[in-house]
Amino acid sequence: MSGTSLRSRAALAGALSVAVIFVGAPSAALAQAPPWDADPAVEQRVEQLLDQLTTEEKADLATGELNNFFGFYNNPIERVGIPAQPMADGPIGVRVANPEIDRRTTRFPSGTAMGATWNPALVEQVGAAIGDEAFHTGHNTQLGPSVDIPRSPLWGRAFEGYGEDPLLSGTIASGYINGIQSNPVMATIKHFVGYVQETDRFTYDARVDDRTLHEIYAKPYELAIQNSHPGAAMCAFNRINGVYACENPLMNTLLKGDYGFRGFVMSDYNATPSTARAANNGLDQEQPGDQGPDSANFGARLVAAVAAGDVSEGRLDDMARRILRPMVGLGLFETLPRADRAFDADAHSALARQVAQEGSVLLKNERRVLPLRPGGRLRSLAVIGPDADNASAQGGGSAVIPFATREISPLAGIRARAGDNVRVTYAAGTDGVNEGDLLGGPVPVPSTLLRPAGGGAADRGLHARYWTNTTFDGAPKVDQTDPEVNVNFGFQNWFSAASPKATQSATVAAFAARGDFSLTGSISARWEGNLIAPATAEYTLGLTARGDATLRIDGEVFATTSGDRVVTVGRAIRLVGGEPHTIRIDYSAAALNGYQGGQVRFFWQHPEDVLSPAMRDAVADARAADAAVVVVRDYETEGAAREADRPTLDLPKEQDLLIRAVGRANPNTVVVVETGAPSKTSTWEDSVGAILHAWYPGQEQGGAIADLLFGDVNPSGKLPATVPADEGQVPGIEVDDVVDFDEGVFVGYRGFGQRGLTPSYPFGHGLSYSRFAYRRLQLRGGTGDATATFTLRNASNRAGSEVAQVYIGRLPTRFVATPPRQLAGFVRVPLAARQRERVTVTIPRRSLSYWDSGSQHWVTPAGRVQVYVGSSSEDVRLAGVVNVR
Ligand code: BGC
């Protein structure tokens, strides 16, 4: 166990970050010993091993073995003492797949929350804890961090990474990797490169120009390789400018060439498109590799390619060398992983809580609605939200942590903190959020309008039967009550982050957990029961579905769908409040591409003043309470089809309407947003006093949220991504297999600035219960790195932390267009009440440069560069000019 050394290293980095952040320079402790990738002793041992290996053994090292116990796996070569590589998925924690051991691990907050801490030293502690858990659950390779820069917050997987700025992302990733690798565990930086959407992710072509690649999408790799030396990198599924990532020369030229990466590149799941081309262009290991005779592109095919001279012996040596180098260098030979679970779950849980505290962003706080003050004016509190009573909000897909070591829901955390003198009520307001909410179009008919056929008076929802054929043949595989018809079955259910209240999701996930994936394949299904409208009004009812669906109301066919695309079909109907109508929905669809199963929703549209019974109950609670806390969430996931990206930035299930209705009923309404990437606040923010953006806040979410709402902890997180006012301000998800990165380097806030768009909340924004003043800016330019020195003062009576940010303006060049503002450095400064501190932030020369595609060099234009220092990208407190020579 390397706990002590990693803690002291983290402490050192923490101390360093208080005074100065040298982005781009390794910490003093790291500089002393040569890193594993520059250690002559490591090279010598690797060469000795290589000398003993046969061609077949080298090819075997380069070819994983499918082993369901692990994310990926590579078998040992016992003859020469090379250990196995059991790998675990991340990056939010360790996803243990081995069902033979207790699989509980710490579910940390999402990458976006880690990014929002702007605290690489804290994230280094997270990495250390994750590495420790990986090791003690039997792994020596961790499949994280994810440093994909999202082009758009609509991307289903944006929650995994550290936000939209490459400097922030690369700095946080470096902390994470240093933490992981303080254990005998290697980190895997992924997914190289241009991975920005789930739609068509196995094939789409990322058309991205060379400068944008260098300045934005590949930049986190450059920083992380320089500062933290990850042992492995993973190439992505997609193509880049016509060539699949795992056979793209960029692995050689950029990653290994320009950035000096000396570890190995492994493929994403079955993302190896070829043998010789992939090997020669830099892929070192195919994963998951052999899945039966001749199924792999490496393995026997690689041996044959070497025999034929299509891959040189030297290149095969290089592949094996690159795999062995981090294994030797990071101590994977000496200390074999154990599945003894000897990690400190309580300490790691406390760390998860700290990340949720530091990573939650207070977007708005009017009339000092926050902090809540129990006892005084606060005697009753209405907690509202579909999943406020559980801790299920997390990202789905390979990053899911299904079994947390403990969980505390927002409701439980708030109840515990509020104490006996505050009456806390709970109302869901809408149904639990699930992957069905990724279907576009109008929202599902809520369960409180539905009564299952054959059910009791108190039952809600519809009677559901599912068959694993498309013809309703034989006995149904499942017979249950579903709260709503809102199905989007497939890959996402194997790694589900759905509400426990979504029976349809829970059942499918439970089957998948037993290795039965039939429900996520071709299915038929039937739902039956009654619909009872909450008021007499004009409604629209209908279906959103892929495949054949028929909705019958009172025995009459009302709407039908067919075809291979998800479509929405509905029509108007006048319903009398309280009157039951029989409902029957017949549905069947064949599976698509092995990853996408049935997709169907029974939807409604209604006048804004007609609320479902569940929403009315929530509003009544809010009206009767002194304050209301609405906890909202969405569903974001890795997936493999169009309906894995987010259809809009709206909160699903009319949670925006829920917030507006609650906000009208109680002026002291606080919203806690649990979405992994930014979601729209513009449709509801005027109705509420305060907004806390908590991302996916992990297993300790309830404790952390209560700490912040009640003011036991002062909010200090800052947005790592812009909150757009609407979808028109951000790139959409592309559907024709080509993703044109036509915005170039103007990604995220760089684009908002360039196009003069006003977001709801700008990049870097985040409020505190303290006030911070900035004074006396001194800038130093010249021929090297520049610096910005200024005094930061806590002008309030309570302790707090400020993340001071340094941006540069446009570069003095006529040759390329540069962003009006770019993050160049930052520092997180904890300050006691009234304390002041003089801080210096380095502006690396690289930040004062652009990538010149013509000469293939970074160019630093000489001249005057504007520098902005402030509390967000828009809240500039000090400004000046540096002379760059
Ligand atoms: C994901 C990777 C993951 C791998 C192994 C893929 O679907 O894209 O991030 O590491 O699966 O589970």
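The values are calculated or read from the model by the stated rules, or taken from the named source; none is laboratory data. Worth saying up front: this structure is predicted, and the values here are computed from it rather than measured. Please note: Cβ atoms are built from the backbone with ideal geometry, for glycine as well, and neighbour counts cover all protein chains shown. Accessible surface is based on the protein model in full, side chains and every heavy atom, while ligands, DNA and RNA are left aside. Shrake-Rupley method; radii C 1.70, N 1.55, O 1.52, S 1.80 Å.
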inquiry  = Looking at region 95-106, can you tell me whether even one residue there is open to solvent by less than 10 Å² (accessible area, probe 1.4 Å) and in a strand (DSSP E or B)?
reply    = yes
Positions within region 644-669 being of a type in the set (V, I, T) and surrounded by fewer than 24 Cβ atoms within 10 Å (Cβ to Cβ), in sequence order = T648
Pair list, Cβ < 6 Å and 6+ apart or interchain, from region 384-409 residues that are touching a residue at least 12 places away in the same chain (Cβ under 8 Å) to residues that are more than 16 Å from the ligand (Cβ to nearest atom) and among the aromatic types (F, W, Y) = D389/Y426; A393/Y696; Q394/Y696; G395/Y696
request  = Within region 212-226, identify whether any single residue is more than 14 Å from the ligand (Cβ to nearest atom) and more than 25 Å from V123 (Cα to Cα), and answer yes or no.
outcome  = yes
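Quick grid of which residues meet (1) more than 28 Å from the chain's Cα centre (by Cα); (2) more than 24 Å from M87 (Cα to Cα); (3) surrounded by 24 or more Cβ atoms within 10 Å (Cβ to Cβ); (4) hydroxyl-bearing (S, T, Y):
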site	(1), (2), (3), (4)
C235	no, no, yes, no
C246	no, no, yes, no
M266	no, no, yes, no
T272	no, no, yes, yes
A276	yes, yes, no, no
L283	no, no, yes, no
D290	yes, no, no, no
task = Among the residues of region 751-761, count how many are closer than 17 Å to T683 by Cα and either open to solvent by 30 Å² or more (accessible area, probe 1.4 Å) or in contact (Cβ under 8 Å) with a residue 40 or more places away in the chain (or both).
result = 3
key: Filter result (within 19 Å of A62 (Cβ to Cβ) and either in a helix (DSSP H, G or I) or at pLDDT below 95 (or both)) within region 221-234   = none
request  = Scan region 314-367 residue by residue and report those that are at pLDDT below 95 and outside the structural domain of N183 (by TED's automatic domain parsing).
outcome  = R367
remark   = Within region 90-136, the count of residues that are among the β-branched types (V, I, T) and under 16 Å from S398 (Cβ atoms) comes to 5
query = Only one residue in R584, R574, R565 is more than 21 Å from L462 (Cβ to Cβ), part of a strand (DSSP E or B) and basic (K, R), so which one is that?
reply = R574
query = Could you say whether any residue in region 451-469 is open to solvent by less than 10 Å² (accessible area, probe 1.4 Å), assigned to a helix (DSSP H, G or I) and over 23 Å from Q701 (Cβ atoms)?
reply = no
request  = Go over the candidates I149, I189, I177 one by one and state the one that is of a type in the set (A, V, I, L, M), open to solvent by less than 10 Å² (accessible area, probe 1.4 Å) and more than 28 Å from A339 (Cβ to Cβ).
outcome  = I149
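Does R664 satisfy the condition of being closer than 21 Å to V443 by Cα, of a type in the set (K, R) and out of contact with any helix residue (DSSP H, G or I) (no Cβ under 6 Å at 6 or more places or on another chain)?
No.
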inquiry  = I want to confirm something. Restricting to region 379-433 and keeping residues that are open to solvent by 30 Å² or more (accessible area, probe 1.4 Å) and part of a helix (DSSP H, G or I), which single residue is nearest to P145 (Cα to Cα)?
reply    = A412
task = Could you list, in sequence order, all residues of region 746-783 that are polar (S, T, N, Q), out of contact with any strand residue (DSSP E or B) (no Cβ under 9 Å at 6 or more places or on another chain) and in a loop (DSSP other than H, G, I, E, B)?
result = T758
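Name the single residue, out of those in region 71-94 being within 16 Å of the ligand (Cβ to nearest atom) and not in a loop (DSSP other than H, G, I, E, B), that is farthest from I172 (Cα to Cα).
In this case the residue turns out to be N74.
Please specify each residue of region 838-857 satisfying the condition of being in a strand (DSSP E or B), surrounded by 14 or more Cβ atoms within 10 Å (Cβ to Cβ) and without any contact (Cβ under 8 Å) to a residue 60 or more places away in the chain. Steps first, please.
The first filter runs over region 838-857 and keeps only residues in a strand (DSSP E or B), leaving 838-843, 850-852, 857.
Restricting the remaining residues to those that are surrounded by 14 or more Cβ atoms within 10 Å (Cβ to Cβ) gives 839-843, 850-852.
Within region 838-857, just I843 meets the criteria.
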